[in-house]
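To keep things clear, I will list the structure first and then write my remarks on it.
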Amino acid sequence: MDRIRGEFIDIIEWTDDGRDTIVWRFPRHGNEIKMGARLVVRESQVAVFVNEGRLADVYQPGTYTLSTQNMPVLSTLKGWKHGFESPFKAEVYFVTTRQFTDFKWGTQNPVILRDAEFGMVRVRAFGTFAAKVVDAAALLRELVGTEPQFRTEEVAEHLRQLTVSKLGSVLGAAGVPLLDLAARQDGIGRQLAEALTLELAPTGIAIPRFHIENISVPPEVEAAIDTRSRMAVTGNLDDYAKLQAADATTIAAANPGTGGDAVGLGVGMALGRRIAQNMSGAATAPPAPAAQPAPAPAPVPASADVPPPLPTAPRWFLAVGGQQQGPYDESALAGQVAAGNLTRTTLVWRSGQAAWQPADRIPELASLLADVPPPLPPQG
């Protein structure tokens, strides 16, 4: 039946019923096409005639009557001498020239880049791109061969691997800082499209559009960026220390039973005192008065059943950043340890001391400084 239909069918055309076919070979029994048949090539198509394994003629969109005037190359190859009325054997391939926009790409393994601010970083990226055929003859020679149908899935993996291989070189050559990659994604996409089109030129494929949807970095780099942003918001290291103390308070309150209650209470009292001082306009405490001996309790008759007065809790003063702060009781000192203001080398003073001394020389503060590391040794 295919042979009988071939005797009557004299229209060669193709309408694509899918969205993924790049090349389609016109089916004809014995590849016999009658001279005088009509060839219909629609927009976004080209038709390629292949005769005895050799590429003959390429037809752009339009309607053609197959004759010696419209088939100069094939007529020369055949060398017919008798009217060109009998059927001739040739293969007709229809090639789609529209853009295929459903290609996706992504980095399965991270790409290592050298950044001026963060050093060597690993980035991942993904997005989409479009591809189209710009040279049908080259596509048939290099990729299609004799396949009756050539779909996008057969070339998608090749294009994805080529994209990932070019991504690192293009990002490195662009010299864009890591923090500016998001603002330069469109420009980098255009550079990748040009590089891929140049690489695919021998196969007749071009990349007209290339989109980068996202460029991501490892979690540790994201954490460093977040920390830098928070420091920029706070303005200076002293305010950043306060922010860290506030975070420690939140964490301690959320984890009772692990020593967080005492630390959280101390930090909260210290922060509350600092807020009260700021609201009253006193950024720093006034100079400490000279050391005065504690007044002796009044003598109590031995016969009286009156208990002696309660001992007075010591009041501590700290030297932080060249400024005197305090007084603090022991619960408030725990907050200063958590905030980083009280370390082993911090100078402290209380009533009864002859002079300021480092905190690690005072036995009463040993329990508070148990978890505070000593100063780093000199570096070579």
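The values are calculated or read from the model by the stated rules, or taken from the named source; none is laboratory data. Note that the structure is a prediction, hence the values are computed from the model and not measured. Using ideal geometry, Cβ is built from the backbone for each residue, glycine included, and neighbour counts are taken over all protein chains shown. Just the protein is used for accessible areas: all its heavy atoms, side chains included, with ligands, DNA and RNA removed. Shrake-Rupley method; radii C 1.70, N 1.55, O 1.52, S 1.80 Å.
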Are any residues in segment 356-367 closer than 17 Å to residue 327 by Cβ and either aromatic (Phe, Trp, Tyr) or open to solvent by less than 50 Å² (accessible area, probe 1.4 Å) (or both), and if so, which ones?
356, 359, 362, 365
Take the residues in segment 176-189 that are open to solvent by 60 Å² or more (accessible area, probe 1.4 Å) and of a type outside the set (A, V, I, L, M, F, W, C); name whichever of them is nearest to residue 123 (Cα to Cα).
180
Output the residues belonging to segment 4-19 that are under 13 Å from residue 33 (Cβ atoms) and at pLDDT 50 or above.
9, 10, 11, 12, 13
Among the listed residues 290, 283, 302, which satisfies the condition of being at pLDDT below 70, part of a loop (DSSP other than H, G, I, E, B), open to solvent by 90 Å² or more (accessible area, probe 1.4 Å) and of a type in the set (A, V, I, L, M)?
302
Any chance residue 325 is under 26 Å from residue 248 (Cβ atoms) and modelled with pLDDT of 85 or more
yes
Would you check if there is a residue in segment 66-78 being in a loop (DSSP other than H, G, I, E, B), closer than 29 Å to residue 158 by Cα and at pLDDT 75 or above?
no
Have a look at 206, 173, 195 and point out the one that is assigned to a helix (DSSP H, G or I) and surrounded by 12 or more Cβ atoms within 10 Å (Cβ to Cβ).
195
Taking the criterion of being of a type in the set (Val, Ile, Thr) and either closer than 30 Å to residue 57 by Cβ or touching a residue at least 60 places away in the same chain (Cβ under 8 Å) (or both), would at least one residue in segment 159-175 satisfy it?
no
Give the number of residues within segment 134-170 that are over 22 Å from the mean Cα position of the chain (by Cα) and either part of a helix (DSSP H, G or I) or among the basic types (Lys, Arg) (or both).
16
Are any residues in segment 96-121 outside any loop (DSSP other than H, G, I, E, B), touching a residue at least 12 places away in the same chain (Cβ under 8 Å) and open to solvent by 40 Å² or more (accessible area, probe 1.4 Å), and if so, which ones?
101, 102, 104, 112, 114
Among (1) closer than 21 Å to residue 21 by Cα; (2) modelled with pLDDT of 85 or more; (3) not charged (D, E, K, R) - the single one residue 165 does not satisfy
(1)
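Per-residue answers, yes or no, for (1) without any contact (Cβ under 8 Å) to a residue 60 or more places away in the chain; (2) in a strand (DSSP E or B); (3) out of contact with any Cys (no Cβ under 6 Å at 6 or more places or on another chain):
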position	(1), (2), (3)
319	yes, yes, yes
325	yes, yes, yes
334	no, no, yes
338	no, no, yes
343	yes, no, yes
371	yes, no, yes
375	yes, no, yes
378	yes, no, yes
